[in-house]
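What follows is one structure encoded as C-alpha cells, with my remarks underneath.
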C-alpha cells in the first residue's frame, strides 16, 4: 500500500515475508509514530576503580564499584559486565557478586570468583549478568566481594582497572 504525502513524497507499507499476520495500531491523536528496533544497544554506563581492595571478611562487602542506569523503556534488558583482577590466599577463594542496590544477586551474577588450592592464586576475571528491571526508574548495580574462609581476598584494581558496565538493550 502506498500513501502519498500532502505535498510530496510517499510512504509504502508492505507485509512481512514471514507469513504471519502483523497488526500496526496508530495513535488516536496527531503526532509522529516512532518505531523502535529490537535488540539494539540503547545506552552504556561504565564505572571504573583503580584502588586495590582487600578483605578477610566472609561477609560480602561493597567493592566501591557501582553503576546507575535509567532504562528508557520498561521492556529493556540490562547486560552487566564486570572485569577485575583478583587474588586469594592458599586454600581459600575470593567470592564476587553483581548485585542490585538492595544487595540481591543479579541473574548469572551470583557468587563466583577464584579458588586457590595450595599457594596463592591470581587471575583476571570477567563476569556477565542479566537483568530485566521492568522500570524506567534509575537502578543501581554494584560489585560485592568476600573471602570464602577468612583468608586474604584482594581485588587488584590498581594493576588492572576494575570495571562495571551496564548495557541497556531494547527488546
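Things to note:
- Cβ-Cβ distance of residue 52 and residue 124, R₀ of 22 Å, FRET efficiency by 1/(1 + (r/R0)^6): the value works out to about 0.90.
- Packing, taken as the mean count of other beta carbons within 10 Å per residue, orders the peptides 92-98, 165-171 from highest to lowest as 92-98, 165-171.
- Residue 170-residue 3 FRET efficiency (beta carbon distance; Förster radius 25 Å; 0.05 resolution): 0.40
- Rounded, prolate or oblate (a/c below 1.5 giving rounded, otherwise prolate when a/b exceeds b/c) for the range 46-171 by Cα gyration tensor: prolate
- Once both labels are positioned 7 Å from their Cα atoms along Cα-to-Cβ, the gap between residue 79 and residue 115 label points is 2.9 nm.
- Taking every Cα-Cα distance in the range 49-114 and sorting them into 10 Å bins from zero, the calculated P(r) comes out as 15, 50, 26, 8, 1 percent.
- Modelled spin-label separation between residue 104 and residue 134, with each label point placed 7 Å from Cα along the Cα-to-Cβ direction: 1.0 nm.
- The modelled label-to-label distance for the pair residue 70/residue 10, using points 7 Å beyond Cα in the direction of Cβ, is 4.3 nm.
Only the coordinates and a few stated rules stand behind these numbers; no lab work does. No experiment lies behind these values; they were computed from the predicted model shown. In this analysis, Cβ positions are derived from the backbone assuming ideal geometry, glycine residues included, and neighbour counts consider all displayed protein chains.
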